[in-house]
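The values are calculated or read from the model by the stated rules, or taken from the named source; none is laboratory data. All of these numbers come straight from a predicted model, not from anything done at the bench. Glycine gets a Cβ as well: all are built from the backbone with ideal geometry, and neighbour counts include every protein chain shown.
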Amino acid sequence: MAVPPTAQINPPKQARSARTLERIVAASLELLATEGPAGLTVHRVVDLADSSVGSFYARFRGKDDLLDYLGERVWTEALERWEAMLASRDWSEHDLASLVRSSVGLLAEAQRSRSVYLKAIDRAAGRRQRAYETFRTEVLSGVAELLLRRASDIRHDDPRRAVRIGLRAVTGILDAEAREVEDRLDPEVLVDECARLLTGYLTGGEAIEGDGEAPDFFDVWS
């Protein structure tokens, strides 16, 4: 993976240096996942990475540069996998309801899983979740085009507008549910309800059931 062009980092020139960078990245993500930005310090990162403070500062000017690099790199890699997945499959065999179910599941997963600490990267770096929002915008664009391949099944006089409005409704629900503290829905229930809502809207209230298996997109975070 090439270093993102805007990241403030001295790129590794040797294989050994590249391996050290990968250990620093893995250690940083582990700390963010378990303890959040407050638990991410240079000394804790290098200890966990079995590296040294000197090696860290040979690559980054400080913690903020590390956070910027992580935010760019993780989301860039996720986008590359998403785009490759879209281009590598024949989607004609999947019906509208099945595509909706998988699309909603993917958006929900991006909202609730590892995005928890990836959004923490943005907050810590003062970027107001920019990287997460950029990622989701790109995923929504890809999902919209995927659903529009089944435009003949959409009972709206403007399928593109219907997909746009429907996906915005779903993401609004997912965002609201993520903010819920005391009465949060079970993830599977949330996905099922959002899929029913979107399918019903796109088909003019005809909440059809898919006759095919919902495609398993991929693990965005692998």
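So here's what we get for this one:
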{"quantity": "Flag for Leu147 being in a helix (DSSP H, G or I) and surrounded by 11 or more Cβ atoms within 10 Å (Cβ to Cβ)", "calculated": "yes"}
{"quantity": "Residue check, Leu79 outside the structural domain of Leu140 (by TED's automatic domain parsing) and touching a residue at least 40 places away in the same chain (Cβ under 8 Å)", "calculated": "no"}
{"quantity": "Candidates Ala97, Ala87 - the one that is over 20 Å from Val170 (Cβ atoms) and either of a type in the set (A, V, I, L, M, F, W, C) or in contact (Cβ under 8 Å) with a residue 40 or more places away in the chain (or both)", "calculated": "Ala87"}
{"quantity": "The stretch 150-169 - residue that is among the β-branched types (Val, Ile, Thr) and under 24 Å from the mean Cα position of the chain (by Cα) and, of those, surrounded by the fewest Cβ atoms within 10 Å (Cβ to Cβ)", "calculated": "Ile165"}
{"quantity": "Among residues of the stretch 170-197, those that are closer than 19 Å to Thr137 by Cα and exposed (fewer than 14 other Cβ atoms within 10 Å of the Cβ), counted", "calculated": "3"}
{"quantity": "Pair list, Cβ under 7 Å, 6 or more apart: the stretch 175-200 residue over 14 Å from Ser98 (Cα atoms), other residue among the small types (Gly, Ala, Ser)", "calculated": "Pro187/Ala108; Leu190/Ala108"}
{"quantity": "Residue selected from the stretch 29-57 under the condition small (Gly, Ala, Ser) and modelled with pLDDT of 90 or more, by the criterion nearest to Tyr132 (Cα to Cα)", "calculated": "Ala49"}
{"quantity": "Output for the stretch 27-59, where each listed residue is assigned to a loop (DSSP other than H, G, I, E, B) and within 30 Å of Val139 (Cα to Cα)", "calculated": "Gly36, Leu40"}
{"quantity": "Residue that is nearest to Val170 (Cα to Cα), among those in the stretch 150-159 that are out of contact with any Asp or Glu (no Cβ under 8 Å at 6 or more places or on another chain) and either in a helix (DSSP H, G or I) or outside the structural domain of Trp82 (by TED's automatic domain parsing) (or both)", "calculated": "Pro159"}
